[in-house]
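The values are calculated or read from the model by the stated rules, or taken from the named source; none is laboratory data. The model shown is predicted, which means the values in this text are computed figures rather than measured ones. Every residue, glycine among them, receives a Cβ derived from its backbone with ideal geometry; neighbour counts consider all protein chains shown.
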Amino acid sequence: MSPSASLIDRIESIPRRELYFFALYRVLIATVIAALLYSPLSGLVGEAHHPRLADVVAVIYLALSLLALVIGRNERWLRPIVVSGVLVDIVAATLLSHALPGASAGISMSLLFNIAAAATLLPLSLGLGLALAASLATGVEYTWKLLEGGDPTRTLAELAMFTTSYLALAFISYQVGNRARRNQQLANQRGDEVANLFQINELIIRRMRTGVLVVDADNRITLANEAASMLLGDSDGNGESGRLDLASAAPELTRRLQRWRNGWAQDELPLQLNPDQPEVQPRFARLLAGSDLALVFLDDSSVVSRRAESLTLSAMGRFSASLAHEIRNPLAAINYAVQLLEEGTGFNESERRLLQIIRQQCQRTNGIVESVLGLARRERATPENVDLAAFVRRFVLEYKQGQTLETDSIEPIINDTAVMAQVDTRHLYQVLTVLVHNALKYGRIGQQPARVRLRVAQHERSAVIDVMDRGPGIPESVAAQLFRPFFTTSEHGTGLGLYIARELCRANQARLDYIPVPAGGSCFRLVLPGPHTLLPT
């Protein structure tokens with residue numbers, strides 16, 4: 001069954017307003033007839049052949065019309081009410097035409113509207129059925145008049161004309177109503193599609209990593225997505241920044257917006273809207289031509305630097321691929337030659353020490369090459385929802401099994417509550433390996449055993465892993481350069497471990513920071529994004 005046929009079969013889908021006006025029109029006609037019969041203007045309807053019949057029919061018709069107007073508001077009985085109402089119209093029109101011959105033409109004409117209105121609201125079969133009933137009623141009244149021996153109220157030509165008009169008007173009205181229903185259905189369908197597209201666009205804008213603000217002429221925020229709300233200090237990112245005064249939330253951003261409105265060029269320098277949020281690069285655009293509303297885009301300035309670093313790493317990867325063959329082959333030859341020399345017996349202790357230094361530096365150089373190649377071959381992150389509590393427990397167990405810790409210890413600190421995050425598990429494993437290895441290597445005081453703890457916790461909308469040790473800590477001057485490539489404080493280090501770890505975190509939209517511990521020791525904090533979920537529809 002087609003959608004339009006379904007709408008025709010279900011009269012409940014017809015707007016109640018149309019049915020109400022139809023019933024109101026019936027009451028109006030009944031009131032006019034009753035008023036003419038019971039007023040000094042009764043002569044306008046001509047001489048009544050059956051005055052008593054006309055009076056009774058007029059009163060009953062008015063009462064039934066009022067009843068139909070009242071109960072017609074009940075949607076459960078719409079179709080029966082429409083059909084029964086038109087049947088009452090037909091019976092009343094037939095009796096009144098017989099009782100009032102002078103008004104028969106006007107009464108029949110008014111019945112045309114009732115048939116047409118019903119045909120627009122009902123299926124074709126019912127509409128034609130009511131038109132046929134009206135035609136038969138007209139014929140019955142004509143025959144009734146002949147049987148009484150009087151002159152018929154209308155000629156056969158008029159009878160044929162009204163019969164044809166009833167049927168033709170019912171068919172045409174049905175077609176008009178059917179087309180109107182189809183157009184309404186199409187409009188509703190288009191409206192639903194537009195509403196769905198609006199919801200999709202709203203969801204996309206809300207979940208964009210770029211902050212989006214709509215600011216009016218008074219610098220009041222009329223709309224803000226989640227990213228913009230968080231950048232403005234709403235830690236929940238629930239969009240409650242709406243109608244917030246931008247001047248009080250971000251004075252520097254307001255100043256730049258006002259300068260842009262005054263025709264100045266946009267300031268390219270990044271700014272920080274909130275101490276706990278990254279720097280952003282604001283961009284401004286007019287929402288509509290001639291409108292006072294302005295669009296403010298807040299781009300994370302670190303994204304630009306990441307793109308530059310990505311280009312640098314890409315160039316490094318291409319360069320390192322060719323450099324590997326240039327370095328590895330002679331490096332392997334040097335290392336092999338040193339091993340052969342060490343097997344000899346004609347060297348004193350000082351010379352053997354020099355050979356050992358050469359071999360160690362060969363190994364260190366080879367480690368640098370391997371790290372650079374590993375960074376160049378890094379695959380794109382494929383994040384997935386991960387239970388960090390279970391993951392860290394498994395990591396600690398595997399690390400203990402694969403390493404000889406002796407007196408050192410590594411333990412997880414995890415609550416019973418599951419902590420979910422979205423991250424590439426391969427990258428997370430590599431990052432934790434680097435952090436734990438450094439903590440075991442540098443996180444000790446003197447000859448005391450290293451004690452490393454991995455703490456998993458939920459922090460607002462993010463998941464956090466802290467890798468802590470109880471070593472001497474890291475000086476502030478060194479901490480500022482921890483994540484720079486090739487920076488190391490150890491003569492045996494490559495300076496690439498923490499750099500690669502941070503790059504892997506950035507590939508997963510995560511952060512790796514060094515957190516000073518006032519009581520002593522070091523803490524590297526890994527902040528991971530929470531699991532992605534869609535908004536309810």
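Conditions (1) under 14 Å from Ala30 (Cβ atoms); (2) over 53 Å from the mean Cα position of the chain (by Cα); (3) hydroxyl-bearing (Ser, Thr, Tyr), marked per residue:
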position	(1), (2), (3)
Ala93	yes, yes, no
Leu126	no, no, no
Ser135	no, yes, yes
Val140	no, yes, no
Leu146	no, yes, no
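For Ala439, work out the one condition from (1) in contact with an Asp or Glu (Cβ under 7 Å, 6 or more places away or on another chain); (2) farther than 16 Å from Val517 by Cα; (3) not acidic (Asp, Glu) it doesn't fulfil.
For Ala439, the failing item is (2).
May I ask you to list the residues in the stretch 401-424 that are in contact with a strand residue (DSSP E or B) (Cβ under 8 Å, 6 or more places away or on another chain) and surrounded by fewer than 14 Cβ atoms within 10 Å (Cβ to Cβ)?
To start, the set of residues in the stretch 401-424 that are in contact with a strand residue (DSSP E or B) (Cβ under 8 Å, 6 or more places away or on another chain) comprises 408-415, 417-424.
Matches in the stretch 401-424: Ser409, Glu411, Ile413, Asn415, Thr417, Ala418.
Applying the selection to the stretch 377-422, what residues are closer than 20 Å to Val452 by Cα and in a strand (DSSP E or B)? Full working, then the answer.
First, the residues of the stretch 377-422 that are closer than 20 Å to Val452 by Cα: 388-415.
Ser409, Ile410, Glu411, Pro412, Ile413, listed by residue number.
Of the residues Glu141, Glu193, Glu158, which single one is touching a His at 6+ places or on another chain (Cβ under 9 Å) and in a helix (DSSP H, G or I)?
Checking each option against the conditions leaves just Glu141.
Please indicate, with yes or no, whether at least one residue in the stretch 41-53 is closer than 14 Å to Tyr20 by Cα, in a loop (DSSP other than H, G, I, E, B) and either within 52 Å of the chain's Cα centre (by Cα) or at pLDDT below 70 (or both).
No: zero hits.
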